[in-house]
Amino acid sequence: MNFQPNFVLRRTATILSVATITLAFIAAISGILIGFNYEPTAGNAYRSLAKIINEIPNGGFIYSLHNLAGNGIIVVALIQLVVMFLGRQFRSSWLTAWISGILLTLSTIGLGWTAMILGWNQLGYWRLKVELGTIASIPLIGETVANVLTGGGGINTTTIIRFYTIHSYVLSLAAIAFAIIHLVALIIQEQESKLSVRQLEKLIATIKLEKQTTAAENAPSNI
């Protein structure tokens with residue numbers, strides 16, 4: 001049968017989806033643990049993270065796990081979209097899986113982007129300043145979006161609070177929700193695909209049986 005390669009790709013996409021949702025929960029749980037001691041204010045953000053990493057028991061491990069899970073989600077989500085494409089899962093019946101997968105990937109990229117200033121270090125500060133300048137240059141809405149993100153004016157405590165809120169509540173919950181929807185959609189569609197394959201196999205078997213019966217009826221008699 002020619003269904004085996006597509007089945008392997010569909011199953012791989014489902015396994016990758018399970019990995020994605022696992023990483024999402026790891027990132028969420030570790031993020032909650034970090035949030036117990038993190039202070040989203042200018043200056044204190046850097047000191048609180050340093051305290052978490054260097055002084056709190058297992059703090060460095062939890063922080064590293066959080067970063068690893070966050071980066072891992074992006075990589076796995078992108079690989080999964082490629083696998084879905086190779087498995088020809090871009091049909092209309094896979095619309096829910098496609099949309100949720102794309103939104104999941106975008107939300108995880110957004111999580112990485114909003115995390116850049118939360119450490120309040122030189123790299124994150126100047127990177128955000130440059131990227132906010134790029135956003136502000138967008139015609140019509142750019143300046144408004146930049147002011148909403150920063151709270152108006154320069155990068156300060158208000159900016160950190162807003163990025164922390166978007167990172168910890170909006171995008172984190174969105175990523176988990178999209179991961180669950182994506183996994184459920186893949187499981188449902190995989191079951192429907194298996195059913196379609198079985199029906200097609202039964203149809204092929206029926207056609208073969210009819211051909212054999214017709215051939216036997218039309219065969220010349222030896223009498």
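The values are calculated or read from the model by the stated rules, or taken from the named source; none is laboratory data. Every value quoted in this text rests on a predicted model; they were computed, and no experiment measured them. Neighbour counts are summed over all protein chains in view; Cβ atoms, including those assigned to glycine, are modelled from backbone coordinates with ideal geometry.
Some notes on this structure:
- Some residue of segment 65-77 being closer than 17 Å to ARG11 by Cα and aliphatic (A, V, I, L, M): yes
- In segment 73-88 there is at least one residue matching the filter, namely being charged (D, E, K, R), out of contact with any Leu (no Cβ under 7 Å at 6 or more places or on another chain), touching a residue at least 60 places away in the same chain (Cβ under 8 Å) and more than 18 Å from ALA42 (Cα to Cα).
- Taking segment 136-165 as the range and being surrounded by 18 or more Cβ atoms within 10 Å (Cβ to Cβ) and among the β-branched types (Val, Ile, Thr) as the test, the residues that pass are THR150, ILE155, THR159, ILE160.
- Identification of helices (runs of 4 or more DSSP H) wholly contained in segment 95-177 with 2 or more residues that are under 23 Å from the mean Cα position of the chain (by Cα), of a type outside the set (Gly, Ala, Ser) and modelled with pLDDT under 90 yields 95-114.
- Pairs where the first residue, in segment 36-57, is within 14 Å of ILE160 (Cα to Cα) and the second is among the small types (Gly, Ala, Ser), C-beta under 8 Å, 6+ apart: TYR38/ALA45; TYR38/SER48; GLU39/ALA45; GLU39/SER48; ALA45/GLY119; TYR46/GLY119; LEU49/GLY119
- Applying the set (1) farther than 12 Å from LEU111 by Cα; (2) surrounded by fewer than 17 Cβ atoms within 10 Å (Cβ to Cβ) to VAL170 leaves exactly one unmet item: (1).
- Residues of segment 36-86 satisfying the condition of being within 20 Å of the chain's Cα centre (by Cα) and modelled with pLDDT under 90: GLN80, LEU81, VAL82, VAL83, MET84, PHE85, LEU86
- Selection within segment 24-44 - surrounded by 18 or more Cβ atoms within 10 Å (Cβ to Cβ) and polar (S, T, N, Q): SER30
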